[in-house]
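K.L.:
Submitted below is the structure of interest, expressed as structure tokens.
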Amino acid sequence: MKRIVYISLFLSLLFWACSKEETSDPALDNNKIKLSFTIDNYITKQTKAVDAGTVEEQRIDDLYLFLFPTTGSQTLKKYYVNTSTFTGGSWNSSNGKISLNLTQAEAGNRQVYIIANCSSVKSELDAVASLTGLQSILKETSQPWSDNITTPVLMSGNTTHDFNSNFQLNNIPLTRAVAKVQLNVKLSAGHQSSPLFNSIAQYNYKFIDFDKNTYALKHISKTDDLVSSSDWVAWQANGTVSAYNLENGTVTGLIITTYINERDNAGSAIEISIPYQGAGPLPPPEFGNETYKLLLPAKIERNHWYIYDMEI
């Protein structure tokens, strides 16, 4: 059974800490801009259940705020925010509120972009001078799976807003730049064994054709830049990527959880190797490991959580 969890995050840009809609008064054009953000729950498509995810998956350590011009008389305004005070404003991380030393009139009508948890690409963001430049920002990971891709997760969101006509901007959706895959395997009696045999791991996995590039912003199309695990990886008893259920010294279930970059083309997969100890008509070496290959969706989308429940 496959379930897809859609992740939706919302960044609320507010002038006051309230939900009431307000309209602009020309006399207030010199008010300083205030922003705040909140993070919404995960939503599962089939059951409509909500799941906030882990605390780490909701964490925002820093962000880059861009106010791109919409007219020739405007200049780019951008702010890197990672401390309580920063050049151009202040940030209260406990309630997510940001204050900018910028008036409504100075802000005007803008294309607003936010890149969150962006410290790994900060130097590239520092050099951004246009929206085209922002669209080119990416992080390349030579082994693009967990734990090499981990929390806090790179996120982005954008909208266009006229601060002159309405000084309250609500609900910019922030989406994670990566997807998440979870594989739950229930083992039949013939595949249940001890984790090690002669000090060699009996349960192993590989990641096949994962894309190396994490783009800050979603692209209309993405060119493949693929890599696979170079060798089998031993299942861990209780790791952050792999774990197994152990009953009386015997492995009865396996779990893999990893982040993965979005991909437009089919072919990404997870391969597993597990022992087989069924009672067949032949003597050993019939009793060897078997391999299984789980093909991931033909199109892997950012901000999705793909959950597979299997029985072998």
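Derivation of every value follows stated rules applied to the coordinates shown; laboratory data play no part. Just so it is clear, the model here is predicted, and its values are computed rather than measured. Here the Cβ positions follow ideal geometry from the backbone for every residue, glycine too, while neighbour counts run over all protein chains shown.
K.L.:
Given contacts defined as C-alpha pairs under 8 Å and at least six residues apart, what's the relative contact order of the stretch 179-257, whole-number percent? Each step should come with its number before you reach the end.
P.N.:
On the way: 111 pairs, mean separation 33.0, N = 79.
Relative contact order here is 42 percent.
K.L.:
Tell me whether the stretch 74-184 comes out rounded, prolate or oblate; compute the Cα gyration tensor, take square roots of the eigenvalues as a ≥ b ≥ c, and use a/c under 1.5 as the rounded threshold.
P.N.:
Since a/c reaches 1.5 and a/b is larger than b/c, the shape of the stretch 74-184 is classed as prolate.
K.L.:
Using r as the Cβ-Cβ distance of I220 and N164, and R0 as 35 Å, what FRET efficiency do you calculate, to the nearest 0.05?
P.N.:
Details: r = 31 Å, r/R0 = 0.89.
Once rounded, the FRET efficiency stands at 0.65.
K.L.:
If you only keep lysine pairs separated by 8 or more in sequence, or across chains, how many in the stretch 161-312 come under 19 Å at the Cα atoms?
P.N.:
Number of lysine pairs found: 13.
K.L.:
Then there is this: If you take the Cα atoms of the stretch 140-295, find Rg, then find the Kirkwood Rh from the mean of 1/r over all pairs, what is Rg/Rh? Don't jump to the answer; show the numbers that get you there.
P.N.:
Details: Rg = 20.9 Å, Rh = 18.2 Å.
We get a ratio of 1.14 for the stretch 140-295.
K.L.:
Show me the ranking of peptides 168-178, 216-226, 235-245 by mean Cβ neighbours inside 10 Å, starting with the highest. Before the final figure, lay out each step's value.
P.N.:
On the way: 168-178: 20.9, 216-226: 13.6, 235-245: 16.1.
Ranked by mean Cβ neighbours within 10 Å, highest first: 168-178, 235-245, 216-226.
K.L.:
If every alpha-carbon in the stretch 125-184 counts as one equal scatterer, what log10 I(q)/I(0) does Debye give at q = 0.16, 0.20, 0.25 1/Å?
P.N.:
Log10 I(q)/I(0), no solvent term: -0.77, -1.00, -1.19.
K.L.:
Can you tell me how much longer the chain between Q111 and N184 gets when fully stretched, taken as 0.36 nm per residue apart minus their C-alpha distance, in nm with one decimal?
P.N.:
Working: separation 73, 0.36 × 73 = 26.28 nm, distance 4.20 nm.
Stretched out fully, the Q111 to N184 stretch lengthens by 22.1 nm.
K.L.:
Sticking with this structure for a sec: Starting from the Cα of S119, step 7 Å toward the Cβ, then list every residue of the stretch 64-106 with an amide N under 11 Å from that point.
P.N.:
Counting backbone N atoms under 11 Å from the label point, the list is 82-83.
K.L.:
Quick one: if the Förster radius is 30 Å, what FRET efficiency do N198 and N148 give, using the C-beta to C-beta distance and rounding to 0.05?
P.N.:
On the way: r = 30 Å, r/R0 = 1.00.
Here the calculated transfer efficiency is 0.50.
K.L.:
Under the Karplus relation 6.51 cos²θ - 1.76 cosθ + 1.60, θ = phi - 60°, what is the ordered set of whole-Hz ³J(HN,Hα) values for the stretch 221-231, x standing for Gly and Pro?
P.N.:
Result, rounded to whole Hz: 9, 10, 7, 5, 9, 9, 8, 10, 4, 6, 7.
K.L.:
Zone of A234 (label point 7 Å along Cα→Cβ, backbone N under 19 Å): which residues in the stretch 176-193?
P.N.:
Residues passing the 19 Å test: 192-193.
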